[in-house]
Amino acid sequence: MDRRPTLLLTGAVLVIAVGMALLAVLGEGGQRDGAGMPSTPSSSGARVTLVGDSQVERGPWAELLGIPVDNEGVGGLEIRDVTARVGQVVPEAATTVVVWAGTNDVFRRGPDEVESDMVALLAAVDERAPGADVVMLTVPLLPGVEEDVREANAGLRRAADRAGAQVLDVTDVLAAPGRIDGDGVHLTADGYGAVGALLREALARG
């Protein structure tokens, strides 16, 4: 009698059984590895939300920080405009919110308004995401309005201190040659790299 069909069938059953066993082992191993690994920002759901004007909008923040981010910057916004958007763009469970606004205000508003508007913005962030760490960046020195920027930044620092937010002063690092674009306002790639390095350190401090 020709027993080749029986042998082939037996071999096929054996291959299937071995394959199923391997899948089961790999599946259990994968679950154990996942349970034993420390959580990362992406796996834990923690993200950095950035709000502000075009200084935020133009930045390649995920690349600079090496973590997932929500870039909610919009060009042309003043501080009060950012405040109006907080309820739509800042998650209630946000862990970190980065605020960078005020550049447009320097050209349009006095330092007292800049300060009071930032107080309102930081209060809105705290109300929306009370558990979030907040980092506020200062306005870079702008040609022709340097004194206005210094006064505005003093007000921004007072607003951040009042809110318990961390202040990240970017004026010195952005004063280096090649870090502000030819328009005198926006950042170059080198400028974003310098700010990104500062922001990574600030986020690590918590």
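Stretching the chain fully between A175 and R150 yields a gain of 7.7 nm (0.36 nm per residue, less the alpha carbon separation).
Between the range 181-202 and the range 46-69, the C-alpha centres lie 12 angstrom from each other. Using the Cβ of P143 as centre and a radius below 14 Å, the other residues enclosed give a net charge of -3, where K and R count +1 and D and E count -1. Using the Cβ of P91 as centre and a radius below 11 Å, the other residues enclosed give a net charge of -1, where K and R count +1 and D and E count -1. The simple spin-label model puts a point 7 Å past each Cα toward its Cβ; for A120 and T95 those points are separated by 3.2 nm.
Rule-based calculations on the coordinates, nothing more; no lab input. Because the structure is a prediction, the values reported are computed rather than measured. When we count neighbours, we look across all protein chains shown, and the Cβ atoms used for this are built from the backbone with ideal geometry, even at glycine.
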